[in-house]
Amino acid sequence: MPAVCCDSVVLDQIALTESVRLLSASWNDPEHLPHAGQFFMLRCWGMGEGPFLSRPISLHYWDPGKKMVEFLYEIKGEGTRRLAQLEAGDAIQLTGPSGNGFDAQAIPQRARLALVGGGIGTAPLYQLARELNARGIRPDGYFGFRDEPFAMESFRGLCGVVRVATDSGRFGFHGLVTEMLEPENYDLILTCGPVPMMRGVYSKCAAAGVRCLVSMENKMACGIGACLGCTCHTKEGPRSVCKNGPVFEGSEVFGE
Ligand code: FES
């Protein structure tokens with residue numbers, strides 16, 4: 001189903017760290033039901049009065065009962081700075097849900113799963129953990145941050161194990177999240193975060209013969225597969241992350 005453009009309303013916005021925000025907005029379109037790993041294009045400015053492009057932000061949480069979606073994002077540029085100024089009641093335009101996302105329904109119920117997130121790449125893994133739990137699957141979670149973890153509490157009730165690593169050693173394991181991961185303990189690993197981290201996760205999975213799905217976070221422009229601005233080089237040739245992804249087999253993107 002193609003993405004839809006919807007005039008929505010901000011329900012709340014919370015600062016989790018100096019640069020990370022949790023924004024909730026109304027979403028009440030029964031024909032466009034989002035799922036984990038998909039993203040929306042967010043915009044709160046008119047043509048000619050802000051950045052030219054909308055900002056792609058992955059879905060962090062969706063509650064059909066409350067008719068709301070939630071986005072966890074990092075302030076990185078002009079667009080996200082504008083989003084960060086929004087308060088409850090302000091207007092926001094959401095275009096989505098877009099992309100393939102993770103197919104939680106296709107994962108066998110007995111599969112042993114690990115989620116591996118890095119920084120703001122943890123955002124889509126929360127909705128994924130929720131969808132897996134709804135199917136009776138409880139994954140383990142491994143999360144890496146530079147210095148300060150965020151949004152970890154939400155994972156504790158959904159994951160068997162939650163392990164945190166920081167580059168600085170201020171919280172949890174001092175080192176890379178990939179150092180904590182033992183892929184041989186799992187049937188499938190699903191990861192989202194910086195490319196070097198996902199490449200490291202894939203390499204360990206490949207060495208252990210474990211399947212790995214990666215969610216790419218390439219820069220986007222149109223968000224609908226029209227501009228080739230988010231092309232990712234895969235074994236099958238160039239693919240657009242917004243239309244063919246953002247979720248790919250790790251072997252497709254990082255394989256030899
Ligand atoms: Fe335009 Fe993906 S952002 S093709």
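The values are calculated or read from the model by the stated rules, or taken from the named source; none is laboratory data. Keep in mind that what you see is a predicted model, and the values were worked out from it rather than measured. A quick note on method: Cβ atoms are made from the backbone with ideal geometry, for glycine too, and the neighbour counts reach across all protein chains shown. The accessibility values were calculated without ligands, DNA or RNA, using every heavy atom of the protein model including side chains. Shrake-Rupley method; radii C 1.70, N 1.55, O 1.52, S 1.80 Å.
Some observations on this one:
- Options Gly157, Gly200, Gly169; residue that is under 22 Å from Gly250 (Cβ atoms) and either more than 16 Å from the ligand (Cβ to nearest atom) or surrounded by fewer than 21 Cβ atoms within 10 Å (Cβ to Cβ) (or both): Gly200
- Qualifying residue in the range 50-71 (condition: of a type in the set (Asp, Glu) and crowded, with 18+ Cβ neighbours inside 10 Å): yes
- Scanning the range 210-221 for residues that are free of Cβ contacts under 8 Å to residues at least 60 places away in the same chain and within 14 Å of the ligand (Cβ to nearest atom) gives Met216, Asn218, Lys219.
- Only one entry in Leu72, Leu94, Leu53 is assigned to a strand (DSSP E or B) and more than 16 Å from the chain's Cα centre (by Cα), namely Leu94.
- Under the condition of being in a loop (DSSP other than H, G, I, E, B) and open to solvent by less than 10 Å² (accessible area, probe 1.4 Å), the residues counted in the range 35-49 number 2.
- In the range 18-34, the residues that are assigned to a loop (DSSP other than H, G, I, E, B) and surrounded by fewer than 20 Cβ atoms within 10 Å (Cβ to Cβ): Glu18, Ser19, Asn28, Asp29, Pro30, Glu31, His32, Leu33
- Selected residue (criterion: farthest from Asn185 (Cα to Cα)) from residues of the range 222-237 that are surrounded by fewer than 18 Cβ atoms within 10 Å (Cβ to Cβ) and either more than 10 Å from the ligand (Cβ to nearest atom) or under 15 Å from the mean Cα position of the chain (by Cα) (or both): Gly237
- Test for Ser168: is it free of Cβ contacts under 8 Å to residues at least 40 places away in the same chain and out of contact with any Leu (no Cβ under 8 Å at 6 or more places or on another chain): yes
- The single condition among (1) without any contact (Cβ under 8 Å) to a residue 40 or more places away in the chain; (2) more than 7 Å from the ligand (Cβ to nearest atom) that Ser240 does not meet is (2).
- Failed criterion for Arg130 (all others in (1) free of Cβ contacts under 8 Å to residues at least 60 places away in the same chain; (2) out of contact with any helix residue (DSSP H, G or I) (no Cβ under 8 Å at 6 or more places or on another chain); (3) open to solvent by 40 Å² or more (accessible area, probe 1.4 Å) hold): (1)
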